[in-house]
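This report concerns only the one structure given below.
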Amino acid sequence: MQISSQELDVLQEIGNIGVGNAATALANLLQEKIDISVPQARFVSLEETIGIVGSIESAVVCVTLRVEGDIKATVLFIFSEEGAFQLIDLLTGMDPGSTAVIDEMGRSVAMEIGNILTGSFLGAIGELTGMRLTPSVPYLAHDMLGAILPTALAEFGYNDDQVLMIQTTFTRNTGDAIHSKFVLLPDVMSLKQLFLSLGMEQ
């Protein structure tokens, strides 16, 4: 599907609102101020996605869920391994640097983080468009990026060569940065429906 510059601008604005909601949710979760960099929304190929996030061998923690309702899509929230460990330490009250592996407690915390951030993002889209969006139970993967992305695409039957990536950085009041990538894999008809809901003719 070809995306016009006007449509990309709309997706950029949705990204701004959605990431802003996610930052507020993260601030409430951590009980501290969270700043965000200006989100960048763009359609990129799978190969470009891997290059933007890191490298094929980059260790990442990815929370994946399926969106049903008026839009059908797959959502991936990708954190660097270091960023995920940092969040787990914060939310479990452990000293910084304590988490070196993700145990069952860590998996539960990481999935809850991804669930809250993704829910906040989807909530912003729903409020903006009036569409009903229902996320599934999240699935967590901790592996190399080159293994996670192709597996997620195959598992959810996504066969388009372009994905919508929204890139931002959450910064704590300590100055520590938590890099994250929000990848949205909408089916073509859902993307058209999204634009129509915003009054954009296809």
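The values are calculated or read from the model by the stated rules, or taken from the named source; none is laboratory data. Keep in mind that this is a model prediction, so the values were computed, not measured. Because the Cβ atoms are built from the backbone with ideal geometry, glycine has one as well, and the counts that use them run over all protein chains shown.
For region 166-182, the tally of residues that are more than 10 Å from the chain's Cα centre (by Cα) and either of a type outside the set (A, V, I, L, M) or outside any strand (DSSP E or B) (or both) stands at 9. Given the condition surrounded by fewer than 19 Cβ atoms within 10 Å (Cβ to Cβ) and either in contact with a Ser or Thr (Cβ under 6 Å, 6 or more places away or on another chain) or over 15 Å from S180 (Cα atoms) (or both), answer yes or no: does some residue in region 73-83 qualify? Within region 73-83 (the criterion being surrounded by fewer than 19 Cβ atoms within 10 Å (Cβ to Cβ) and either in contact with a Ser or Thr (Cβ under 6 Å, 6 or more places away or on another chain) or over 15 Å from S180 (Cα atoms) (or both)), the answer is no, since none of the residues qualifies. Scanning region 21-47 for residues that are surrounded by 14 or more Cβ atoms within 10 Å (Cβ to Cβ), modelled with pLDDT under 80 and in a helix (DSSP H, G or I) yields one hit, L46. Just wondering, is there one or more residues in region 53-72 that are surrounded by 21 or more Cβ atoms within 10 Å (Cβ to Cβ), part of a helix (DSSP H, G or I) and not β-branched (V, I, T)? Within region 53-72, none of the residues are surrounded by 21 or more Cβ atoms within 10 Å (Cβ to Cβ), part of a helix (DSSP H, G or I) and not β-branched (V, I, T). Here region 109-146 is the region considered, the condition is being of a type in the set (G, A, S) and not in a helix (DSSP H, G or I), and the residue that is surrounded by the most Cβ atoms within 10 Å (Cβ to Cβ) is A141.
Can we say V60 is within 19 Å of L191 (Cα to Cα), modelled with pLDDT of 85 or more and touching a Leu at 6+ places or on another chain (Cβ under 6 Å)?
Details: within 19 Å of L191 (Cα to Cα): no; modelled with pLDDT of 85 or more: yes; touching a Leu at 6+ places or on another chain (Cβ under 6 Å): yes.
Criteria not met by V60.
Listed conditions (1) under 23 Å from I178 (Cα atoms); (2) at pLDDT below 85; (3) among the charged types (D, E, K, R); (4) part of a helix (DSSP H, G or I) are all met by E7, apart from (1). With respect to the conditions (1) under 18 Å from the mean Cα position of the chain (by Cα); (2) modelled with pLDDT under 80, D160 lacks only one, and its number is (1).
Among L185, L149, which is the only one that is in a helix (DSSP H, G or I) and in contact (Cβ under 8 Å) with a residue 60 or more places away in the chain? Steps first, answer last, please.
Numbers: L185 fails: in a helix (DSSP H, G or I).
Of the residues listed, the single one that is in a helix (DSSP H, G or I) and in contact (Cβ under 8 Å) with a residue 60 or more places away in the chain is L149.
Pairing residues of region 100-111 that are within 12 Å of P138 (Cβ to Cβ) and polar (S, T, N, Q) with residues that are in a loop (DSSP other than H, G, I, E, B) and at pLDDT 90 or above, at Cβ distances under 8 Å and at least 6 apart in sequence or on separate chains, gives no pairs at all.
The set of residues in region 78-103 being touching a strand residue (DSSP E or B) at 6+ places or on another chain (Cβ under 7 Å) and among the polar types (S, T, N, Q) consists of S80, Q86. Before we move on, is G106 of a type outside the set (V, I, T), within 12 Å of the chain's Cα centre (by Cα), buried (at least 19 other Cβ atoms within 10 Å of the Cβ) and not in a strand (DSSP E or B)? In short, no.
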